[in-house]
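Here, each number is a calculation from the coordinates, and none is a lab measurement. If you're wondering where the values come from, they're calculated on a predicted model, not measured in any experiment. Positions of Cβ are generated from backbone atoms using ideal geometry, with glycine treated the same way; all protein chains shown enter the neighbour counts.
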Amino acid sequence: GTNHKDPNVQAEIDFAATLLDYIDEQLDNPTIVWKDGNHDIRLQAYINANAPEIAGIAGTTIYDLMKMEERGIIYTDRRLTTFGDLMVIHGDEIRGIGGIDPARKAAAKFPGMNVMCGHTHFFKRPDGQINHTHVVGHLGECSPDYHQFTNWRLGWAIIEEVEGSVRVDNMVWEDGRLMNVSSVQR
């Protein structure tokens, strides 16, 4: 069996590639932005620690393995990413983000800012403006062998920006169908 220290990396890459292809097929030539998360940096961290001589060789990075250039994906690694007034984080940047209400924790960490972390919650600021925080799914196995007691959700977000206003469609893939679980227009 596989454990958290020895996941089937190729299976995870293949699965994410299949979902990226699906997104590309369902949307008419979408702009896909990739933001590295904790799972995406594991391979590079392993290479850096155990085989630093090959770190950065073509084909060894998540950018190369996911064929981001070929797919036209905008790669943002771990940098701060914004769309209009929406800040997009992976979530693991915030200690203790997991648990019962990650959106509330993200909103508390970045008060007065719109944050996408991946379930949508709204908070009214003292000035009457509404902030939105989003928790989106991921593009990996829902119950991987190395973490059997999970029920993670597959998903992604579609963000449209028009003149500083942001619309977020939080997409979830479940039981063979795509659902928009929250649509926000600001």
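General observations
- Put a plus charge on the Cβ of each Lys and Arg, a minus charge on the Cβ of each Asp and Glu, and nothing anywhere else: the dipole of segment 8-76 about its Cα centre is then about 260 debye.
- Residues whose amide H falls under 5 Å from that of Asp77, counting only those 5 or more places apart or on a different chain, are Asp36, with hydrogens built in the peptide plane.
- Highest to lowest packing among 15-27, 36-48, scored as the average C-beta count within 10 Å: 36-48, 15-27
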